[in-house]
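Before any comments, here is the structure.
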Amino acid sequence: MKPSPYFADSFAFFFKRFLSEDSLFRWFVKKAGNESAAFRYPFKLSEIGNLFIWLPENADEILASIPFLKSLAKLKSHGVLLLANTQHENLLTSSRISQEIAYYTTKGLRYGEEEFQKIQSMLLARKMAMCICLEQNPRFQQLYLAKVCGAAYRFGFNCEKFYPLLNLSLSSLEDSEKKASFLTELFKKASA
């Protein structure tokens, strides 16, 4: 039997591998909690604390996001953490991104894995205020971490189906460069 893409190889999660996608989503929502904290939108960036961004799994989408990520260097009073798959470490290093980057492995990001627990602890300790998920099709574990990190603002693109794990769905932009441009403008307006 092939390993579960969602859960660690443990008997505790064995029977969850037979759940449908809808049942899995409901399980992650139940674990994360289905309530969302109140927030103001549009937001003022000066009122926002720590921010973390899930970078996409696709290298081309990361490259399209580089201008937006570099624009975040202006947020000196905010903690900015990027989460990326280890397969993109060379790409991000060569791009000279100034923000802190934490890396994960695909296998380690499964619920119940030690690496997953470390990422969750790191996010909780930093008291994140905002999460931006740049992944086009985020995995349930990513959505779960976005919710439990404590961020009131949890952005995604075309992500209505992931509510309450993500609670702000941005435009219907499909193109990665347009997404990055949109986010850059959104942050400029929030800075004013």
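The values are calculated or read from the model by the stated rules, or taken from the named source; none is laboratory data. Predicted, not measured: the structure shown is a model, and the values here were computed from it. Cβ coordinates were reconstructed from backbone atoms using ideal geometry, including for glycine residues, and neighbour counts include every protein chain displayed. When the accessible area is computed, the model is the full protein with side chains, heavy atoms only, and any ligands, DNA or RNA have been set aside. Shrake-Rupley method; radii C 1.70, N 1.55, O 1.52, S 1.80 Å.
Residue-wise HN-Hα couplings along the stretch 90-98, as the Karplus relation 6.51 cos²θ - 1.76 cosθ + 1.60 with θ = phi - 60° gives them from phi, are 5, 4, 6, 5, 6, 7, 6, 6, 8 Hz; Gly and Pro carry x. Once the chain from S121 to L19 is taken as fully extended at 0.36 nm per residue, the excess over their C-alpha distance is 34.0 nm.
Dipole of the stretch 30-169 computed with +1 at Lys/Arg Cβ and -1 at Asp/Glu Cβ about the Cα centre; of F140, N90, L63, farthest Cα towards the positive end is F140.
Ordered from largest to smallest accessible area (heavy atoms of protein chains, 1.4 Å probe), the residues S65, S20 come out as S20, S65. Surface calculation, 1.4 Å probe, protein heavy atoms: T93 sits at approximately 90 Å² accessible. For I53, the amide hydrogen comes within under 5 Å of the amide hydrogens of L81, L82, L83, I132, counting only partners 5 or more places away or on other chains and with H modelled in the peptide plane. Among the listed pairs K44/K161; K74/K178; K2/K147; K107/K179; K127/K147, a Cα-Cα separation exceeding 23 Å is found for K44/K161; K2/K147; K107/K179. When the helices of the chain are scored as -39500 (n - 2.57) per DSSP H run of n ≥ 4 and the total is divided over every residue, the value at 222 nm lands at -11000 deg cm²/dmol. Just the number, please: carbon plus sulfur as a percent of the accessible area of the chain, 1.4 Å probe, no ligands or DNA/RNA counted. Ligands and nucleic acids excluded, carbon and sulfur reach 53 percent. Between K2 and D60, the FRET efficiency from the beta-carbon distance, with R0 = 22 Å, is close to 0.20. With the whole protein complex present, S171 retains an accessible surface near 50 Å², based on a 1.4 Å probe. Using θ = phi - 60° in the Karplus curve 6.51 cos²θ - 1.76 cosθ + 1.60, the 3J(HN,Hα) couplings for the stretch 154-165 round to 10, 8, x, 9, 6, 10, 3, 5, 9, 5, x, 5 Hz; x is entered for Gly and Pro.
Per residue, the accessible area of the stretch 49-108 comes to 46 Å² when a 1.4 Å probe rolls over the protein heavy atoms. What the phi angles of the stretch 7-17 give under the Karplus curve with 6.51, -1.76 and 1.60, with θ = phi - 60°, is a coupling list of 10, 4, 6, 8, 4, 4, 10, 3, 6, 5, 5 Hz, glycine and proline written as x.
Close amide H partners of Y104, meaning residues 5 or more places away or on another chain with modelled amide H under 5 Å apart, are A84, N85, T86.
Expressed as a fraction of 2.2 N^0.38 Å, the C-alpha radius of gyration for the chain is 1.00.
Sites listed here are GluC sites (Glu not before Pro) in the stretch 110-185 whose DSSP assignment is loop and whose Cβ has at most 12 other Cβ atoms within 10 Å: E174. Rounded to the nearest 20 debye, the dipole size of the stretch 146-188 about its Cα centre is 200 debye, using +1 on the Cβ of Lys and Arg and -1 on the Cβ of Asp and Glu.
Shape call for the stretch 78-192 from the C-alpha gyration tensor, a ≥ b ≥ c root eigenvalues: rounded (a/c under 1.5), prolate (a/b greater than b/c) or oblate?
On the way: a/c = 1.45, a/b = 1.21, b/c = 1.19.
Since a/c stays below 1.5, the shape of the stretch 78-192 is classed as rounded.
For a paramagnetic label modelled on E47 (point 7 Å from Cα along Cα→Cβ), amide N atoms under 19 Å away belong, within the stretch 95-131, to 128-131.
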